[in-house]
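To keep things clear, I will list the structure first and then write my remarks on it.
The values are calculated or read from the model by the stated rules, or taken from the named source; none is laboratory data. Nothing here was measured: the structure is a model prediction, and the numbers come from that model. A quick note on method: Cβ atoms are made from the backbone with ideal geometry, for glycine too, and the neighbour counts reach across all protein chains shown.
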Amino acid sequence: MASSSDAVPEKKEEGVTPAFMKNETPTPVFGKKKEDEETTAEGAEDSEEATGTGEEDTGAAFAPIVQLTEQQVSSGEEDETTLFEVKAKLYRFDKERTEWKERGVGQVKLLQHKQNDRIRVLMRQNRTLKICANFVVLPGMALQEHAGSEKSWVWHAADFADGELKDELFAIRFGSVENAQNFKNAFEDATERMGKLLGVGPSEEENEAADEAAEALGGLKVKDEKSASEETPEKAEDKKGVDSKDKEDQ
């Protein structure tokens with residue numbers, strides 16, 4: 001019979017701590033912990049020094065593939081003098097759809113050429129600088145109120161904004177009555193200047209009235225001349241008798 005001293009002691013099982021009971025810090029979703037980052041950075045530096053793969057300043061200069069030269073862009077206004085300028089909104093009438101369409105908001109200008117003195121209207125959009133209107137001011141152009149508004153005008157013009165001449169019906173609107181009136185005054189002054197420059201005289205109606213007056217005056221003049229030269233038979237006979245008596249006396 002085995003003695004009690006020979007008894008094998010029972011092995012005491014150690015308790016297993018559940019995984020969810022461990023005191024561990026979760027890894028950040030968007031990066032490692034600061035200590036790990038520092039360790040990793042130091043290790044990377046040591047690795048670069050050991051392998052010699054670190055960035056080195058070679059002193060080389062890289063030239064661009066394409067050399068771009070600075071160029072001056074011409075606006076087409078260099079040879080012109082600005083007579084008038086104001087901000088406005090421009091519309092054009094769409095004949096096919098019978099409706100007004102906005103062409104843009106920007107500065108409308110009256111420009112006079114420095115050499116030939118011709119005056120044109122030029123308007124560009126504020127941001128894109130796209131041309132909204134570009135036409136020569138001609139004698140006979142007239143601004144009319146649009147829908148009874150004192151801030152807007154309508155008129156016809158042969159416009160060249162799209163690169164070809166088009167007969168357009170424009171409507172322009174200003175921010176104030178004062179600006180609208182100032183534009184009208186400047187526009188009408190431009191039509192008068194262009195009339196003198198192009199040698200355009202009065203309208204056809206005025207010319208017809210002047211011709212009628214000239215004909216009437218010419219008729220009166222001819223009539224007066226005939227009245228002075230014409231003589232009645234009685235006057236002619238009396239004159240003949242007077243001449244005969246004068247001869248007898250001589």
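Looking at the stretch 86-158, the strands (runs of 3 or more DSSP E) lying wholly inside it that each contain 3 or more residues that are surrounded by 13 or more Cβ atoms within 10 Å (Cβ to Cβ) sit at 99-113, 119-125, 131-136.
Only one of the numbered conditions (1) in a strand (DSSP E or B); (2) modelled with pLDDT under 95 is not met by Leu169, and that is (2). Reported count of residues in the stretch 159-188, each being touching an Asp or Glu at 6+ places or on another chain (Cβ under 6 Å) and of a type in the set (A, V, I, L, M), is 1.
Going by the conditions given, is Glu77 touching a Leu at 6+ places or on another chain (Cβ under 8 Å) and at pLDDT below 95? Judged against the criteria, Glu77 is a match.
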